[in-house]
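Read the structure below first, then the notes.
Nothing in this text is a laboratory measurement; each read-out follows from the coordinates by a stated rule. Quick caveat: nothing in here was measured; it's all calculated off a predicted structure. Here Cβ is always computed from backbone atoms with ideal geometry, including for glycine, and neighbour counts include all displayed protein chains.
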Amino acid sequence: MHHLQFYFMLLGTKICLFFPLGGYWLSGTNLGNGEFYWASTGTAVIYSKWLPNQPDNAKLQDNDFKGENCIQWGIYNRSENAAWNDLECFHKLRYICEEHQYCS
Ligand SMILES: [Ca+2]
């Protein structure tokens with residue numbers, strides 16, 4: 001299992017008060033082949049925590065009706081846990097990176 005996927009399994013709890021408006025970019029995308037993968041490694045997204053009715057690849061005027069291709073992690077209802085949404089990739093959001101730490 002990809003480390004990032006493991007972290008999100010652990011983080012599937014309430015993270016509400018200090019969550020930034022707009023949430024975070026994960027490195028997940030489906031650009032290119034239609035299936036979601038981690039752009040940082042090219043590996044498939046196995047674990048997911050989509051909001052209800054997501055991903056919806058919404059084709060809106062804002063995205064020239066081209067749909068949504070990047071995974072956003074956000075909170076849409078303060079009573080709900082943070083979850084995923086597919087969103088147009090052009091938005092400027094904070095992002096979460098995976099860092100490898102090595103023990104000596
Ligand atoms: Ca969406």
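Just a few scattered comments:
- Remark on residue 47: its backbone amide H falls under 5 Å from none of the residues 5 or more positions apart or on other chains, H modelled at 1.01 Å from N.
- Set of aspartates and glutamates near residue 59 by C-alpha distance (under 15 Å), chain-local residues within fewer than 8 positions excluded: 68, 86, 88
- When the chymotrypsin sites (Phe, Trp or Tyr not before Pro) in segment 24-54 are filtered for DSSP coil states and for at most 16 other beta-carbon atoms within 10 Å of their beta-carbon, the remaining sites are 47.
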